[in-house]
1. Angle between the Cα long axis of helix 220-229 and the longest principal axis of the chain, 0 to 90 degrees, nearest 10?
2. Could you please state, rounded to a whole Å, how far the C-alpha centre of the stretch 329-392 is from the C-alpha centre of the stretch 58-106?
3. Between the alpha-carbon centers of the stretch 208-286 and the stretch 132-195, tell me the distance in whole angstrom.
4. Got a sec? Charge dipole of the stretch 6-173, +1 on Cβ for Lys and Arg, -1 for Asp and Glu; which of L106, P96, V142 is way out at the positive end?
5. With springs only between Cα atoms under 10 Å, which of S269, S368, S148 fluctuates most in a Gaussian network model of the chain?
6. I need to check one value: relative contact order of the stretch 258-349, counting alpha carbon pairs closer than 8 Å and at least 6 residues apart, in percent.
7. Starting from the Cα gyration tensor of the stretch 6-173, take the square roots of the eigenvalues, sort them a ≥ b ≥ c, and report rounded, prolate or oblate (rounded when a/c is under 1.5, otherwise prolate if a/b is larger than b/c, else oblate).
8. Can you sort I57, I203 so the residue with the fewest Cβ neighbours within 10 Å comes first?
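Every number in this text was worked out from the coordinates using simple rules, so none of it is lab data. Every value quoted in this text rests on a predicted model; they were computed, and no experiment measured them. So basically every Cβ, Gly included, is an ideal-geometry build from the backbone, and we count neighbours across all protein chains shown.
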Amino acid sequence: MSKRSLRDLPPAALDGKRALVRVDFNVPLKDGAVADDARIRAAVPTISYLRDKGARIVLLSHLGRPSGPDPKLSLRQIMRDVERVLGAPVEFIPDPATGVATTRRLPRGGVALVENTRFWPGEEANDAAFAQTLAALGDFFVNDAFGSAHRAHASTEAVARLLKPAVSGFLMEQELRYLGDALDHPKRPFVAVLGGAKISGKIDVIEALLPRVDEILVGGAMASTFFLAIGFQVGGSLVERDKEDVAKRLLTKAGAKLILPRGAVVAPSLARASERRDAPADRIPADCAIFDIDMATRHDFRARIVKAKTIFWNGPMGVFETPPFDEGTRAIAEALVEAGKRGATTVVGGGDSAAAVAGFESKLTHVSTGGGASLEFLEGLALPGVTALEDA
Ligand code: ADP
Ligand code: MG
């Protein structure tokens, strides 16, 4: 399922040519300013390579979920940040339908950014005519937006069928390598760590991982639903009572592979953190809720993680946004770093999970930029934006 990469195109296919590049500049904004430029920085290797080879670069991205043109979701707002990160001036193309002249005027190595593709209804409709409008802005297509690849939109899917060559950018290539090859042919033991708020939405991920992994360590609120399934009480914990049967079925299917927390950090409420204490899983107080994995679980999970040679992690172990309930999640992040030092491949996927390991990225093998896309990919679903690219 290997795809042709930007690296595979000969220099003559790049020099002076217009590269239409789908990036994921769906960045968080605060008061009209970029709050976190990680996604812009993630596109730099592809853009710099193209500039270096003398290509003219035309960037496409969506931002948020506008239902038509909306100044609050205009990509104009991120222009200065893109220029700062790239260290180069960037031209703005307010409408792809009238942008061809601008793309032809770009100098070799020059960069232009097209307005939010979702301002046009053809984008989400994967409309062929809109894709043709986009395709006219380039001489070849590069998709570096893994985080948008699970949606068949004009700028991710239809355009890749119209404009050839259509290849993966370096970020996309890296995502496919680590979420694909590394987890399809894992060095063993292969341990998955799953957490987060819910089982629902991740049932298919658990099912897809079960036959591939040696162990699945479960934490977060997801564990509470498994606790219910084995007959433990969970007090006021976040739990999916309607998913108890699903949890039972997964427990039967998983057998000894599924490892539940030994206990939890409990408190009467998030605000009453000073009253927190560790409680064994079979003795969660009725007037408390679970907000993190306890010490015993951190030690147990750590021991299993540092022995593994491949680790995939999705979903925080607790309410990591509210210290001190981030400590279990931090302990797992540190265990992954330790495993990495011992030669393991460590892969993190999921929006909140990526936020939880912010600052640790360089000590992990791969932190996926694609929240939903990384989970769909792990489930084995075809991502339309990837499928549409040329096979290697
Ligand atoms: P990701 O985005 O990485 O896939 P999720 O969205 O599934 O992760 O889960 C993240 C959320 O899970 C966080 O907001 C976190 O607060 C919540 N969470 C984790 N453990 C608990 C818990 N014990 N109780 C309530 N919420 C929890
Ligand atoms: Mg999330």
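1. 50 degrees
2. Comparing the Cα centres of the stretch 329-392 and the stretch 58-106, I get a distance of 28 Å.
3. Using only Cα atoms to place each centre, the spacing works out to 34 Å.
4. Positive-end residue among those listed: L106.
5. Residue with maximal mean-square fluctuation among S269, S368, S148: S269.
6. About 26 percent, as a whole number.
7. In terms of gyration-tensor shape, rounded.
8. I203, I57
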